[in-house]
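Worksheet: the structure to be examined is printed underneath.
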Amino acid sequence: MPIITLTTDFGNKDHFVGSIKGTIYKELKEAVVVDISHHVTPFHIQECAYLLKNAYKSFPEGSIHIVGVDSELTPENKHIAVYVDKHYFITADNGVISLILAEVQPDKVVEINLPNNPYSSFPVLDVFVPVACHIFRGGTLEVVGKPFSALKQSREFAPRISNDGNTITGSVIYIDNYGNVVTNITKSLVEAYRNGRNLTLEARNKKLRQIHNNYSGIINYELDPSNRKGPGDLLALFNASGYVELAIYKSNPETVGGAATLLGLNYRDTVIINFK
């Protein structure tokens, strides 16, 4: 039995998410519906893609992912269903699929064309949910749409290598619930150019000379607690998804602030790593 996931920018204040789930359960009482996130920044497909890229592989093959970000139907934003990497994605053709699966080619893409489907201001409910229920019951994509080959391509900025391989210039791609700053610099890229050398990470006016493998890596437990780094200190680490991340150890962004606010970093701002 496939799982249905939901990723939207609807938040939880309004009725939207409840209506989606209620409609699914009305059609499929045995369904399992999992929320990935409903707090994507409105219309921010890059942020949506980051979340899904790092979440969908945790679900069983055959899972059905409803993507409700920038989903209104227009001549330039068609509704599509995609089968790729043994998962189904139901979304608008706004570039999010190319960002989620940059290295994987879809096995099948159809432009959704449901009979008697209204031109709706709530397409996630009126279009995406019926398609998800159809797939859940074992239906094929050919029944809900026609082949579609003009999948919109979107590319996130890639890190730039310069200074004869001594400098990596990256950018911020995501800020999480803790105010931690995720960059597009991967651990594999750092290790490919580091070659055992020392490094300096620069973000705004801060410099860090070590990238840890976990958050508590900043703490030297051999020192007396009064003499070692800890809560409130800035660190860099390779996060669970393999990206360089900046964090304030055990910081509450609602009180003292997170790395994003304390460093003044926003989406696409620059982070630099120098080797020597």
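Please treat every number below as a calculation from the coordinates, not as lab data. All figures in this text were calculated on a predicted structure; none of them were measured in a lab. All Cβ positions, even for glycine, are placed from backbone atoms using ideal geometry, and neighbour counts span all protein chains on display.
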(request) Give a quick list of chymotrypsin sites (Phe, Trp or Tyr not before Pro) in segment 89-146 that DSSP marks as loop, anything other than H, G, I, E or B, with at most 16 other Cβ atoms within 10 Å. (result) Tyr119
(request) Report the FRET efficiency, 1/(1 + (r/R0)^6), for Asn163 and Lys21, where r is their Cβ-Cβ distance and R0 is 51 Å, rounded to 0.05. (result) 0.50
(message) Explain nothing, just the number: dipole magnitude of segment 3-147 about its Cα centre with +1 on each Lys and Arg Cβ and -1 on each Asp and Glu Cβ, in debye rounded to the nearest 20.
(response) 360 debye
(request) Of all alpha-carbon pairs in segment 3-147, indicate the percentage at a distance above 22 angstrom. (result) 30 percent
(request) Output the direction-averaged projected area (hull surface divided by four) of the convex hull of the alpha-carbon atoms of the chain, in nm². (result) 17.5 nm²
(request) Please give the length that would be gained between Glu103 and Val143 if that part of the chain were fully extended, namely 0.36 nm times their separation in residues minus their C-alpha to C-alpha distance (nm, one decimal). (result) 11.6 nm
(message) Order these by the 10 Å Cβ neighbour count, fewest first: Val110, Val129.
(response) Val110, Val129
